[in-house]
Each structure stands twice: as structure tokens, then as C-alpha cells.
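The values are calculated or read from the model by the stated rules, or taken from the named source; none is laboratory data. Just so it is clear, the model here is predicted, and its values are computed rather than measured. Here the Cβ positions follow ideal geometry from the backbone for every residue, glycine too, while neighbour counts run over all protein chains shown. Remember, those area values only see protein heavy atoms, side chains included, never the ligands or the DNA or RNA. Shrake-Rupley method; radii C 1.70, N 1.55, O 1.52, S 1.80 Å.
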Amino acid sequence: MAERVLEVSGLSAGYGPAEVLFGVALHLDRGEVAALMGRNGAGKSTTMKAIMGLLTPRAGSVRFAGQDIAGLAPYRIARLGLGYVPEDRRIFTDLSVMENLEVGRRAAPAGRAAWTAERLFEIFPNLAEMRHRRASAMSGGEQQMLTIARTLMGNPEAVLLDEPSEGLAPVIVEQMAEAVLRMKAEGIAVLVSEQDLDFAAAVADRALILEKGQVRWEGPIATLEADEDVRRTYLTV
Amino acid sequence: MELDFVLIQALSGLASASSLFVIASGLTIVFGVTRIVNFAHGSFYMLGAYAAVTIVPWLLEFDRSPTLFFAGVIASALVVGMLGVVMEVLLLRRIYKVPELFQLLATFGVVLIVQDLVLLAWGPVDIAGPRAPGLRHGVYILDQRFPAYELFLIFVGPAVLALLWLLMHRTRFGVLIRAATQDREMVGALGVNQAMLFTGTLFLGAALAGLGGALQIPRVSANAHMDLSVITEAFVVTVIGGMGSVPGAFLAALLIGLLQAFGVLVFPKITLVLAFLLMAVVLVVKPWGLLGKPDVASGRAVLPEGILDPRPLDRFGKVLAGVAVLALLALPLLDDYSVKVGTEVLIFALAAFSLNFLVGNGGIVSFGHAAYFGLGAYGAGMLVTKAGLSMEPALLAAPIAGGAAAALFGFFVVRLSGIYLAMLTMAFAQIAYAVVFQWVEVTGGDNGIVGVWPSRWAASREVYLYLTAALSIAAILFLTRVIRAPFGATLRAARDSAARADAIGIDVRTHRWLGFILAGAAAGLAGGLYAFSKGSIDPTLLSIPLSVDFLSMILLGGIQSVFGPLAGAAAFHAVKDQLMPLTDHWRLLLGLAIIAMVLAFPRGLAGLRRRAA
Ligand SMILES: Nc1ncnc2c1ncn2[C@@H]1O[C@H](COP(=O)(O)OP(=O)(O)OP(=O)(O)O)[C@@H](O)[C@H]1O
Ligand SMILES: [Mg+2]
């Protein structure tokens with residue numbers, strides 16, 4: 001059996017009085033890409049924030065790399081090797097590209113080649129040309145590349161990638177897909193939240209569909225592509 | 001004006017700008033990262049001066065060299081930096097998530113504690129520091145003598161700016177600080193331990209304040225009043241520059257330094273007023289300061305939950321209120337002392353109630369409510385002593401004075417929100433304080449004015465108690481009606497979401513302005529009553545410590561309750577009146593009590609009752 005990197009069960013979370021997640025269960029194996037799908041407001045981002053500790057889980061367990069991480073501070077979770085790329089990017093706009101990467105930099109675990117700015121520039125050639133530019137002067141697509149590169153600088157084992165294709169031009173979306181595949185090739189497990197089935201099919205092996213804060217469907221991405229009923233029930237608007 | 005004179009004036013302006021920047025840079029960095037407005041920054045400045053007048057002379061015993069002088073100054077800064085670390089670890093770490101009002105109060109608690117500790121350690125007498133070896137002479141510039149040390153100070157500011165720039169751009173720590181100033185949660189999600197970052201930031205900020213203080217010792221003696229005078233100026237600089245912006249602080253310090261150097265020629269007495277005018281203009285044109293960003297200031301709640309639903313008192317509450325009023329009226333059956341305390345409790349209850357009208361009901365955190373109290377007292381007191389009027393018209397004038405000042409200051413205040421608003425109210429209060437303090441011919445300065453006696457019919461303590469009771473209770477009942485009226489509900493709506501209230505066509509600004517004026521008038525009435533109860537007035541009636549007393553009262557009573565502040569005022573004043581004569585360390589106790597209150601029971605006395613119920 002494949003090695004579990006992340007295992008979530010019974011996860012509930014919300015904002016103030018609003019309950020959003022009701023016992024989410026999901027897992028991620030080493031080196032696999034899974035797509036977390038669902039309509040707007042289904043709870044995809046909330047799931048990621050709760051796993052990352054940005055939102056304190058109200059119930060349930062989150063295991064990462066063999067350790068219970070529910071309730072830990074985000075920085076501790078990040079240090080265990082879980083990377084997070086937020087949907088609104090949250091680039092440090094006052095900082096240059098190189099400085100943004102510096103904030104994300106952490107030593108690699110023993111025995112693994114560390115990501116460097118130069119290696120990341122191979123994946124995102126656009127960034128190489130603007131290393132000293134302030135992030136506020138970058139396009140949305142460039143910022144999306146930067147936010148992924150910044151997380152990779154921390155040499156994570158697994159990455160929570162929230163809607164990397166949202167609002168981007170088709171060429172850039174293609175680059176994002178390549179970046180995800182490249183991460184997979186490096187052995188990084190990726191949980192990518194996505195509304196676009198084509199994108200998900202291009203990068204992921206498996207899909208999970210969230211609705212109203214629960215995982216309603218789970219299976220190989222090919223099955224999802226073939227099954228129109230499921231798509232109509234959970235995905236199309 | 002001669003050219004050489006202008007030059008000298010400009011140079012001394014630059015020297016004070018430089019000193020001001022060193023201090024303000026630390027304040028703005030700490031705010032940028034932790035989002036805490038640190039009142040104790042002024043205390044660090046003072047501790048820097050005291051450390052320097054202790055360390056530097058000791059070092060100069062070995063050798064009167066410039067090297068040892070500056071080694072002593074740096075050592076003082078580092079010592080103070082360590083004290084900043086202590087404060088972060090013991091206090092700030094526990095309050096990063098609490099509302100801003102509580103943070104301000106907690107750091108003010110530290111100010112009080114440090115004041116008493118400084119007196120314990122160094123005694124009440126000012127301590128003069130040594131002059132700087134090698135910089136004791138004067139330099140002749142166009143035939144005018146200019147002190148070499150001042151010339152040296154001019155270069156310190158730019159040097160610190162350059163060093164900070166290097167730190168911020170060339171070190172990982174600096175890059176993390178800049179990143180955290182923008183989005184500290186994201187910095188944490190990338191694996192950075194914020195606790196370490198915050199501790200480091202406090203070290204840096206406190207060390208800069210300490211450096212600022214230590215560098216002052218050849219110019220001014222270390223004294224126990226340095227903290228509050230410098231913190232106001234540092235606040236003004238950071239607000240004008242934009243909170244969190246180091247270059248902004250530099251720019252603002254330059255502007256203020258030069259403005260004061262030349263302003264003193266035009267208006268010798270009111271240089272502070274000029275700084276305030278600059279601040280008011282900047283905030284109206286650029287509400288986030290010259291180089292500030294809106295996202296830095298907004299974000300977390302300023303306030304804990306305020307008054308939600310001002311229902312009439314339940315039966316228990318009514319009984320309690322009735323018993324309280326009866327007890328007050330029966331006080332003359334006891335002794336004179338009780339009558340005095342009862343009168344004061346009534347006065348402070350009105351002041352606290354009017355403050356909570358702003359804070360709890362309007363979400364307007366005034367950190368300078370004593371200004372309106374004090375101006376009411378001065379308005380009434382001066383009419384009696386200077387204009388020879390009697391008590392009755394003077395008591396009528398008191399709320400007018402408080403309300404007029406609130407109308408003037410409030411016009412600017414209500415344009416802001418959150419922490420900027422709180423700091424502006426405090427700056428205005430300090431300006432009112434400075435005017436009263438410095439305008440000796442009219443106000444009597446530090447000594448104040450004596451002979452503010454009631455009319456003959458109200459001269460006895462008992463009658464004055466009843467007069468005070470009648471007026472205070474009437475004013476409180478009136479404000480209560482306003483809270484329950486649509487006007488009060490509008491203020492609450494604007495408090496909860498100014499944007500939404502705006503959107504449904506409410507003129508939020510005007511409502512808040514009127515509310516501010518009303519609260520100022522009520523505080524003014526309280527001040528007028530206080531003046532006659534004491535028979536004298538002095539500048540402490542407008543001071544920050546009194547503003548903080550009022551805040552402590554409403555916090556103690558619970559700002560989410562309509563009548564809680566009355567209980568808070570009674571409890572606070574009674575305890576203070578009992579304890580103060582018994583101890584030399586009242587400020588220490590009060591500081592610890594405020595911190596304990598913020599940490600342990602942020603819902604106040606009324607909250608306790610609700611929890612028990
Ligand atoms: N900060 C917040 N405060 C309160 N409610 C929130 C907050 N963020 C999200 N929600 C609510 O939580 C629910 C789930 O939101 P979430 O952002 O997790 O959805 P999502 O699946 O990521 O949607 P999208 O595809 O639009 O990004 C929504 O109903 C949303 O309104
Ligand atoms: Mg989302």
C-alpha cells in the first residue's frame with residue numbers, strides 16, 4: 001500500500017458562529033496529486049486552512065507525516081513539511097521576487113536536494129527575468145507563479161494548493177499544470193483545489209468532491225470524467 | 001531674518017528631528033509587525049536615559065574618551081532592548097489577539113509600573129548626565145556658535161535610517177520583518193516562528209527607544225516625566241509618517257523638527273499646536289499618513305464587543321440602582337469623608353458614562369476623554385476666579401466648554417477609525433494639556449487656580465452632594481435616553497459596520513460627530529462639578545493618566561453594559577481613594593491591576609454578574 005502522507009478524518013471547522021465543515025475525511029499518498037473539487041463555497045479553501053492550522057479545527061483529526069497536527073500553530077505544521085499556497089496568493093507586495101522567496105526558504109530534510117531560486121526559475125522562467133522587481137508590479141499570473149515558488153522554497157513533502165488556475169489566461173494555466181506535474185515528479189504530494197475539470201484531469205490521479213462541507217464523492221479522475229451524473233450533481237453550476 | 005540665524009534655526013530643527021526619528025522608528029517597526037501601539041515605548045526611552053546616566057559616567061571613570069562615551073550609549077540601548085524582550089515574553093505574547101483598546105491599556109499599565117520602578121531605583125531627583133567627550137565645544141557657522149553635539153545628532157538620524165535600511169533589505173531578519181508587516185499570518189504559514197520574530201522586533205524597537213534616550217543625556221537630565229512627553233511626539237510622528245513605515249517616520253520627523261524650529265519664532269508658546277495642526281491636515285488629506293498603507297491599520301477589532309441591546313434594567317437592576325441612589329442620598333448620615341467620596345463617585349460616574357457612550361455604544365475609542373472633563377473644569381473655574389461670575393452660570397458653561405472642545409477636535413477625530421482614531425484623541429488631549437500647562441498667565445500653569453468655590457447656598461458638603469447627584473443623574477438619564485433613541489441605535493449600527501451604515505444612507509460622520517460633542521459636553525459638566533467640589537483646578541484634570549482612569553472604570557464596569565461603567569467608576573474610585581494614601585506605589589499597583597484586568601476578565605464587573613446569572 002502507498003504511504004499515507006496526510007490523513008484527515010472527521011474534520012469540522014468554521015468561522016465564528018458559522019459552521020462550514022462537517023466531518024471532512026480525506027487522505028493523500030506520497031507523491032500523488034489529488035484534486036479537491038466542488039462548487040463555490042463548498043468549503044475547499046476552508047478545508048485547506050483547517051489542515052494548515054490557520055483555522056483551528058473544532059473536531060476531527062489531522063495526521064501528517066505520522067504526527068497529529070490538529071491544533072498546532074501553522075508555523076509548526078509548515079516546519080513538518082506541509083506547504084500551503086493560498087487562493088488569494090498573499091504575495092508580499094512590498095518585497096521583491098527574491099525577497100519573497102527568501103521568506104519561504106527553509107532547509108531541506110536530510111538526503112533531499114533543496115529547492116533553490118535557480119531551480120525554480122527553470123520551472124517559472126518568467127520569474128527569472130524579474131528577480132528584483134517588487135511583487136506589486138507583477139501580473140496576476142506572475143504572482144501565482146511566485147506564490148507557488150515561495151512555498152516550494154520551504155522544501156515541503158506535501159503541498160496544499162488552493163485554486164492555482166483561478167482567473168488566469170490559458171497559457172498561464174498550462175504553465176501551472178506543468179508546475180504541478182513537476183512537483184509530482186519531484187515526489188511531492190499535492191492536494192489541489194480546483195473547479196475546472198480539465199485542469200484537474202491534466203494533473204491529478206484522483207478526485208474528491210466536497211459539497212456543503214462534506215466529501216460526497218471520491219474516485220479516479222477518469223471515472224469522474226466519464227460520469228456525467230456525478231458531474232451534474234456536484235460540479236456544474 | 002538674517003541668513004545665519006535661519007541656518008542655525010534649521011540646524012537645531014534638524015537635530016531634534018534626528019532624535020525624534022530614532023525614537024519613532026522603533027515605535028513604527030514594533031507597530032508594523034505586532035500591530036500593537038506600544039505606550040511603553042516612551043518608558044523605554046526614559047529607561048535608556050537612566051541607564052546611560054548610570055553606565056556612561058562609570059565608563060568615563062576609566063578614560064574620558066569619546067569611544068567609552070558611545071560604548072556606554074550603545075550598552076544602554078542594548079540593555080533597554082533586553083527589557084523589550086522581557087516585555088514581549090511576559091506580556092505582549094499574551095495579548096496579540098485581544099482588541100486594540102486592551103492592548104493600549106495593557107502597555108499603559110507597563111508605563112505606570114516603570115514610572116514607579118524608576119523612582120524606586122533612581123529616586124525622584126533629576127539626574128544630569130555627562131557631556132560627550134570630544135563634542136563639548138561649539139562650532140562656528142557663519143559667525144554663529146552651534147553646539148558640536150547637536151551637529152553630531154543631526155547625522156545620527158540619517159545614519160540610523162541607513163542602518164535600518166540595510167537591516168531591512170540585506171538580512172533575513174529584516175526581510176521577515178517587512179513581510180510580517182504586511183501579512184504576518186502568511187509568514188507563519190511559511191514556517192517562520194512568529195514568536196521569535198516578535199521577540200526580535202521588540203528587542204530592536206526597545207533598543208532604538210533606549211538609544212534615543214541615551215543620546216539625550218548631554219542635553220537633558222534623566223527625569224521621571226520623559227516617558228509621556230516623548231511618547232506623544234513619537235505617536236504624532238508615526239501617525240503622520242504612516243504607521244509601520246520607517247521612511248515615513250523619517251519624513252515626518254523632519255517636517256515636525258523644522259516646523260517646530262521655525263514655528264517657535266512665530267508662536268513661541270504653542271509649537272505642539274503646530275505639530276497637531278500638521279497631523280490634522282495630513283490625516284484629513286491622507287488618512288493613513290504620508291507613506292502608510294490602509295491594510296496596516298485595519299484588520300482586527302479595536303474593541304471588545306460593545307453595547308448590543310440597551311434594554312431597560314431588569315427588576316434586579318432596578319432594585320440595585322434604587323439602593324445605590326438611596327445610599328448616596330443617605331451618605332450625610334455617615335461622615336464628611338463619605339460625603340466627599342460620594343460626590344466624587346457621582347462625578348466620575350458621569351464622566352465614565354459619557355466615555356462609554358462613545359466607546360461601548362459608538363465604538364469610538366477615545367484615549368483623551370479627560371481633555372473634555374478638564375476643559376469643563378477650567379471653563380467653570382476660570383469664569384468664577386477670573387471673570388467673577390458665580391457658580392450657576394459657571395456650571396452652565398462647563399458642558400459648553402467641553403462640548404465646544406469636542407466639536408473642534410471631534411471634527412477631525414470622526415474622520416478616522418480604529419487605532420488612528422484612538423491616537424488622534426490622545427494627541428488632542430495632550431495638546432489641550434500642553435496649552436493649559438504652558439499658558440501660565442491665564443491658567444496658572446502647573447499650579448493651576450485655587451478659589452473655585454460654590455455659591456453660598458451650595459457651600460456645605462451635603463448640599464453640594466445633592467446638587468451633584470441631581471445634575472449627574474439627570475445627565476446620565478438623558479444620555480441613557482439617547483442611547484435608546486434611534487440616534488443611539490444609529491451610532492451602534494455605524495460602530496458595527498460603518499460601510500453598511502453608509503450604504504443605507506446614514507451620514508455616519510455627522511452622527512458620530514454629534515455623539516462626540518454630546519459625550520464631551522457631559523464630561524465637561526462632570527469636570528465643572530469636580531472643580532467646585534475641590535475648590536481648585538490644575539492640569540492633571542486633562543492628563544493622560546486621568547483619561548486612563550476613565551478607561552479603567554468603564555473596563556472594570558464592562559463596556560458592553562449600559563450601566564456597568566457606573567459601578568466601575570464607583571469601585572475604581574473607592575479603591576483608589578482607600579489605597580492611595582496607604583501606599584507609595586499606587587502607580588505600580590494600578591499598572592498591575594490594569595494588566596490583570598485585561599488578561600483575566602475583559603468583560604468587566606457587569607460580565608461577572610452575567611456569568612453568575
Ligand atoms: N472568513 C470567512 N468568514 C466567514 N465565512 C467564511 C469565510 N470564508 C469563507 N466563509 C464561508 O465558508 C464557506 C466555504 O467557503 P470556502 O472559501 O471554503 O469555499 P470554497 O470551496 O473555497 O469556494 P471557492 O471556490 O469560491 O473558493 C462559504 O459559505 C463562505 O461564505
Ligand atoms: Mg476557495
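Points worth noting:
- Meets criteria (at the interface with another protein chain (Cβ under 10 Å from one of its Cβ atoms), buried (at least 17 other Cβ atoms within 10 Å of the Cβ) and on the phi < 0 side of the Ramachandran plot) for A:Met52: yes
- Test: residue in segment A:21-40 that is open to solvent by 30 Å² or more (accessible area, probe 1.4 Å) and aliphatic (A, V, I, L, M): yes
- If the condition is being touching a strand residue (DSSP E or B) at 6+ places or on another chain (Cβ under 9 Å) and not β-branched (Val, Ile, Thr), then segment B:192-217 contributes B:Gly213, B:Gln216.
- No other residue among A:Arg63, A:Arg39 is over 27 Å from A:Ala185 (Cα atoms), charged (D, E, K, R) and in contact (Cβ under 8 Å) with a residue 12 or more places away in the chain apart from A:Arg39.
- Checking each residue in segment B:387-403 for being within 29 Å of B:Ala427 (Cα to Cα) and in contact (Cβ under 8 Å) with a residue 60 or more places away in the chain picks out B:Ala394, B:Leu395, B:Ala397, B:Ala398, B:Pro399, B:Ile400, B:Ala401, B:Gly402, B:Gly403.
- A:Ala18 fulfils the conditions (1) within 16 Å of the chain's Cα centre (by Cα); (2) within 16 Å of ligand 2 (Cβ to nearest atom) except for a single criterion, (1).
- Residue match in segment A:141-157 (condition: open to solvent by less than 10 Å² (accessible area, probe 1.4 Å), away from ligand 2 (no atom under 16 Å from the Cβ), under 21 Å from A:Leu26 (Cα atoms) and within 14 Å of chain B (Cβ to nearest Cβ)): yes
- Applying the set (1) touching a strand residue (DSSP E or B) at 6+ places or on another chain (Cβ under 7 Å); (2) part of a helix (DSSP H, G or I) to B:Val175 leaves exactly one unmet item: (1).
- Scanning segment A:162-178 for residues that are part of a loop (DSSP other than H, G, I, E, B), open to solvent by 20 Å² or more (accessible area, probe 1.4 Å) and within 26 Å of A:Gly43 (Cβ to Cβ) yields A:Glu166, A:Gly167, A:Leu168.
- Of all residues in segment A:155-171, those being in contact (Cβ under 8 Å) with a residue 60 or more places away in the chain and away from ligand 1 (no atom under 16 Å from the Cβ) number 5.
- Among the numbered conditions (1) within 13 Å of another protein chain (Cβ to nearest Cβ); (2) in a loop (DSSP other than H, G, I, E, B), the only one that A:Met130 does not meet is (1).
- Only one of the listed residues (B:Gly289, B:Gly306) is modelled with pLDDT of 85 or more, open to solvent by less than 30 Å² (accessible area, probe 1.4 Å) and within 22 Å of the chain's Cα centre (by Cα). That residue is B:Gly289.
- Within segment A:69-113, the residues that satisfy the criterion of being within 16 Å of ligand 2 (Cβ to nearest atom) and open to solvent by 10 Å² or more (accessible area, probe 1.4 Å) are A:Glu87, A:Asp88, A:Arg89, A:Arg90.
- Qualifying residue in segment B:165-179 (condition: without any contact (Cβ under 8 Å) to a residue 40 or more places away in the chain, more than 9 Å from chain A (Cβ to nearest Cβ) and closer than 29 Å to B:Pro133 by Cβ): yes
- Residue identified as in a helix (DSSP H, G or I), away from every other protein chain (no Cβ under 14 Å) and free of Cβ contacts under 8 Å to residues at least 12 places away in the same chain among B:Ala207, B:Ala214, B:Ala162: B:Ala162
- Residue in segment A:114-123 that is among the aliphatic types (A, V, I, L, M), within 14 Å of chain B (Cβ to nearest Cβ) and surrounded by 13 or more Cβ atoms within 10 Å (Cβ to Cβ) present: yes
- Residues in segment B:65-91 that are open to solvent by 30 Å² or more (accessible area, probe 1.4 Å) and closer than 26 Å to B:Arg131 by Cα: B:Pro66, B:Thr67, B:Leu68, B:Phe70, B:Ala71, B:Ile74, B:Ala75, B:Leu78, B:Val79, B:Met82, B:Leu83.
- Matching residues, segment A:15-61, being modelled with pLDDT of 95 or more, near ligand 1 (Cβ under 10 Å from one of its atoms) and of a type in the set (Val, Ile, Thr): A:Thr46, A:Thr47
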